[in-house]
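> Attaching a single structure in structure tokens format; questions to follow.
Since every read-out is calculated from the coordinates, none of them should be taken as a lab result. From a predicted model like this one, the values you see are computed outputs, not experimental measurements. Here the Cβ is made from the backbone with ideal geometry for all residues, glycine too, and neighbour counts use every protein chain on show.
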Amino acid sequence: MDKKSSKRAPYTGLTPDCVLDALDSVGLRGDGRMLGLNSYENRVYQIWREDEPAVVVAKFYRPERWSEAQIAEEHGFVQELAERELPVVAPLAPGGKTLHSFGGYRFAVYPKRGGRAPELEDRETLEWMGRFIGRIHAVGALAPFGARPTLDPESFGTEPRDYLLAHGFIPTDLAAAWTSVVAQALEGVRRCYERAGVVKHLRLHGDCHAGNVLWTEGAESHGPHFVDFDDARMGPAVQDLWMLLSGERAAMVRQFADLLAGYEDFHEFDPRELHLVEALRTLRLIHYSAWIARRWDDPAFPAAFPWFNTQRYWQDRILELREQIALMDEPPLWSN
């Protein structure tokens, strides 16, 4: 497969036989049964085995996204957390390594962990979640990443905007309105960062929404465990908290108070970071559109996101960003 066609369809060569042969190459022979799991950025499969562990999860990294050094930092961070008995799913190390290569793909293998989505409307659950995120951040603050990126307005705002414009994704008749509203939004982000001042950056989960937290109830394991550190990066602590908030302002104030009640048992939270909540939400919205656009040549993306790049899609993004511009000028969550 040439490099151009590989970029357009990066997983063309990842057939079921290739997946099973990859596992076999590290001594984890499957019994032939496998199930594709819901993942678009990478390809993830649940694989059954005749030996122990009876079920494993194999994650095949998207080519050219992360360097080996960056993946090694992700694995090292998760292993560091697991060694301190935090509820995370760390990669297995067959042959003493966590990152493997086969057929032109890099992959890692994880133990299978089940669970349900956490009930975030429950105050006790939020406090419980806050305690574990506080523990993750206490470890994350011990040392920085060296190879993985930092979440900032440039990488999540300016650069994605420029990509979308340079590659012609914005409809011609909406380009002026979209460009203007993004410029206003990024100016709002800048003001939020100015109000927050200099805040500490630490190693984060990076994508800590409810879908990346599994809740278990049992004698051996009870409570949340955190999965998928693929987006781990440096950034402000509030990045791992704000995505757990929802609803009207009063509800989010209460939810954040519940999270902090547990969080600050293990790690101090700088309240100035609350100025960044709506700024980070705004950056995520811009970044998300560019993320889909960058993957549009992958056949899985048009199938999964058929509404992307329609006239209605970009009209809705313009309205969404206008709402964010107003929200970024409101007082932070602790003020009523």
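> Work out the count of Lys pairs in the chain where the Cα-Cα distance is under 23 Å, with the pair 8 or more places apart or on different chains.
Details: K3/K59; K7/K59; K59/K97; K59/K112; K97/K112.
Taking the Cα cut-off of 23 Å, the pair count is 5.
> Still on this structure, I have one more. Please get the size of the charge dipole for the range 3-111, origin at its Cα centre, with Cβ charges of +1 on Lys and Arg and -1 on Asp and Glu, quoted in debye to the nearest 20.
Numbers: 14 positive and 15 negative charges, 142 e Å.
Dipole size: approximately 680 debye.
> Work out how much length M34 to D51 would gain on full extension: take 0.36 nm times their residue separation and subtract the Cα-Cα distance, in nm to one decimal.
On the way: separation 17, 0.36 × 17 = 6.12 nm, distance 1.48 nm.
Between M34 and D51, full extension yields an extra 4.6 nm.
> Also, I was wondering about something else. Going by average Cβ density within 10 Å per residue, which order do the peptides 165-178, 185-198 take, highest to lowest?
185-198, 165-178
> Using a cut-off of 11 Å between beta-carbons, work out the net charge of the residues near P144 (Lys and Arg +1, Asp and Glu -1, P144 not included).
Numbers: positive: R148, K200, R203, R233; negative: E73.
Every neighbour counted, the sum reads +3.
> I would also like to ask the following. In whole Å, how far is the Cα centre of the range 55-74 from that of the range 81-158?
Their Cα centres are 13 Å away from one another.
> Out of C192, P331, L20, whose Cα points farthest toward the positive end of the dipole of the chain (charges: +1 Lys, Arg; -1 Asp, Glu; placed on Cβ)?
Value: L20.
> List the trypsin sites (Lys or Arg not before Pro) within the range 53-106 that DSSP assigns to loop and that have no more than 16 neighbouring Cβ atoms inside 10 Å. It would help to have the intermediate numbers written out before the result.
Working: sites: K59, R65, R84, K97, R106; in loops: R65, R84, K97.
Those satisfying the criteria are R65, R84, K97.
> Between D270 and R116, what's the calculated FRET efficiency when r is the beta-carbon distance and R0 is 41 Å? Round to 0.05. Intermediate values should be presented prior to the final figure.
On the way: r = 32 Å, r/R0 = 0.79.
About 0.80, to the nearest 0.05.
> Taking 0.36 nm per residue of sequence separation and subtracting the Cα-Cα distance, how much length would be gained by fully extending the chain between A166 and R312, in nm to one decimal?
Numbers: separation 146, 0.36 × 146 = 52.56 nm, distance 2.05 nm.
Length gained between A166 and R312: 50.5 nm.
> Quick one: P(r) of the range 159-305 from all Cα-Cα pairs, 10 Å bins, percents rounded to integers, in order of increasing distance.
9, 31, 34, 20, 5, 1
> Moving to a separate point now. How far is it, in nm, from the label point at A138 to the one at A303 when both lie 7 Å from their Cα along the line to the Cβ?
4.5
> Over the range 187-336, what is the relative contact order in percent, taking alpha-carbon pairs closer than 8 angstrom and at least six residues apart? Spell out each step's value before the answer.
Numbers: 141 pairs, mean separation 41.7, N = 150.
Averaging sequence separation for qualifying contacts and normalising by length gives 28 percent for the range 187-336.
> Which value, in debye to the nearest 20, describes the size of the charge dipole of the range 155-288 about its Cα centre when Lys and Arg Cβ atoms bear +1, Asp and Glu Cβ atoms bear -1, and nothing else is charged? Display every interim value, and only then the final one.
Working: 12 positive and 20 negative charges, 111 e Å.
Here the range 155-288 has a charge dipole of around 540 debye.
> For n ≥ 4 DSSP H runs only, could you compute -39500 (n - 2.57) per run for the chain, divide by its residues and tell me the 222 nm figure to the nearest 500?
On the way: 11 runs with 143 residues, N = 336.
Value at 222 nm, helices only: -13500 deg cm²/dmol.
> Using the beta-carbon distance between E320 and L99 and R0 = 30 Å, what value does 1/(1 + (r/R0)^6) give for FRET efficiency, to the nearest 0.05? Write down the numbers at each step before the final one.
Working: r = 37 Å, r/R0 = 1.25.
My answer for the efficiency is 0.20.
> Summing Lys, Arg as +1 and Asp, Glu as -1, what charge do residues with Cβ under 10 Å from the Cβ of Q46 carry, Q46 excluded?
Details: positive: R33, K112; negative: none.
Net charge around Q46: +2.
> May I pose another question? May I ask you to order 321-332, 299-310 by the average number of other C-beta atoms within 10 Å around their residues, highest value first?
Packing order, densest peptide first, comes out as 321-332, 299-310.
> In debye, nearest 20: dipole of the chain around its Cα centre with unit charges on the Cβ of K, R (+) and D, E (-)?
Values: 38 positive and 50 negative charges, 177 e Å.
In total the dipole reaches around 860 debye.
> For a Förster distance of 25 Å, can you work out the FRET efficiency between the beta-carbons of T216 and R84, rounded to the nearest 0.05? Write down the numbers at each step before the final one.
Details: r = 19 Å, r/R0 = 0.76.
In this case the efficiency is close to 0.85.
> Let me ask something else about it. At a temperature of 20 °C and a viscosity of 1.002 mPa s, determine how fast the chain diffuses translationally according to Stokes-Einstein, using the Kirkwood radius over alpha-carbon pairs as Rh; express D in µm²/s, rounded to the nearest whole number. Numbers along the way, then the final one.
Working: Rh = 21.5 Å.
Roughly 100 µm²/s, to the nearest whole number.
> If the chain between E64 and D173 were fully stretched, how many nm would it gain, using 0.36 nm times the residue separation less the Cα-Cα distance?
Contour length minus Cα-Cα distance gives 35.9 nm.
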